[in-house]
Amino acid sequence: MQKDTQMDIIAEYYMVLGDYTPNEMYSESGVRVYTNPETDAWLVLERKGKNAIQARLTNEDGVIISWDNYEVMNAGVKQIEAVRLSVSGRSQILFTPAELKVIERYGDRDRRTTMGKLDILLGRFKDEETAKNAQSVIDKLGRISDKSYTDMYYVGQKRMDVDQERSLGNRLAQARVRADKMNAESRHIIAEHRKGMIR
């Protein structure tokens, strides 16, 4: 598999769901396949354009149960939508970025607990748009399975953790560069000052 930092970042989000390992046999240019030997489930990452990657998960029967679309710029990754198969298997349920933010902020590990929480909060939201998105999340969560929700929740939590770690790492690296520059300038000034004293 060729090196692709953006795909590596996204793949890391999904490792929280199980022991997915790269499968060279099914991977090709622009498509990475990971398989889970315990469940026979697949994770497929596919480039959908220069700045777009889609992550698909299958169940053990090979049925695609989720599609997550990401916008990627350099090493920055932003989820732009999540699609889950309905319990009936006859429709696809689309979660928008605003709805995903509601789940990130108010979600719980359990689908029913999340629905209950949001139902209680509905009358308390001061922002009409947030209330609308929360109601939409409640309706959509009622149409997907517990496993679908749990997978979405854990991937979202892992994405936030990875992004926070990467952001902290970037800030530390930038601080190190600034500190090194200041130290070099300081040494230069001291050296110049000593030269002046020797004369």
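In the range 120-142, the residues that are in contact (Cβ under 8 Å) with a residue 12 or more places away in the chain reach residues that are in a loop (DSSP other than H, G, I, E, B) with C-beta atoms within less than 7 angstrom, at least six apart or across chains, in these pairs: Ala134/Leu122; Ala134/Phe125; Gln135/Leu122. Identify, from the list Ala131, Ala184, the residue that is part of a helix (DSSP H, G or I), more than 23 Å from Asp68 (Cβ to Cβ) and either open to solvent by less than 40 Å² (accessible area, probe 1.4 Å) or at pLDDT 95 or above (or both). Ala131 is the lone residue from the list that is part of a helix (DSSP H, G or I), more than 23 Å from Asp68 (Cβ to Cβ) and either open to solvent by less than 40 Å² (accessible area, probe 1.4 Å) or at pLDDT 95 or above (or both). Pairs meeting the criteria (first residue in the range 82-106 and closer than 24 Å to Ile10 by Cβ, second residue open to solvent by less than 30 Å² (accessible area, probe 1.4 Å) and in a loop (DSSP other than H, G, I, E, B), beta carbons under 6 Å, at least 6 apart or on different chains) are Arg84/Ile144; Ile93/Ser86; Ile93/Ile144.
Taking the criterion of being touching a Lys or Arg at 6+ places or on another chain (Cβ under 6 Å) and among the charged types (D, E, K, R), the only residue of the range 118-147 that qualifies is Asp146. On the stretch given as the range 109-126, residues that are within 18 Å of Val155 (Cα to Cα) and part of a loop (DSSP other than H, G, I, E, B) total 2.
Do we find a residue being assigned to a strand (DSSP E or B) and either over 23 Å from Gly49 (Cβ atoms) or open to solvent by less than 30 Å² (accessible area, probe 1.4 Å) (or both) anywhere in the range 90-104?
Initially, the range 90-104 is screened for residues assigned to a strand (DSSP E or B), giving 92-95.
Cutting the leftovers down to either over 23 Å from Gly49 (Cβ atoms) or open to solvent by less than 30 Å² (accessible area, probe 1.4 Å) (or both) gives us 93, 95.
Yes, the conditions are met somewhere in the range 90-104.
In the set Val155, Val137, only one residue is within 17 Å of Leu17 (Cβ to Cβ), of a type in the set (A, V, I, L, M, F, W, C) and modelled with pLDDT of 70 or more; that residue is Val155. Could you list, in sequence order, the residues of the range 74-89 that are among the β-branched types (Val, Ile, Thr) and either open to solvent by 40 Å² or more (accessible area, probe 1.4 Å) or touching a Cys at 6+ places or on another chain (Cβ under 8 Å) (or both)? Within the range 74-89, Ile80, Val87 qualify.
Residues in the range 2-21 that are surrounded by 14 or more Cβ atoms within 10 Å (Cβ to Cβ) and outside any helix (DSSP H, G or I): Asp4, Gly18, Tyr20.
The values are calculated or read from the model by the stated rules, or taken from the named source; none is laboratory data. Source: prediction; values computed, not measured. As a convention, Cβ positions derive from the backbone with ideal geometry for all residues, glycine included, and neighbour counts pool all protein chains shown. The area values use the complete protein model at the heavy-atom level, side chains included, leaving out ligands, DNA and RNA. Shrake-Rupley method; radii C 1.70, N 1.55, O 1.52, S 1.80 Å.
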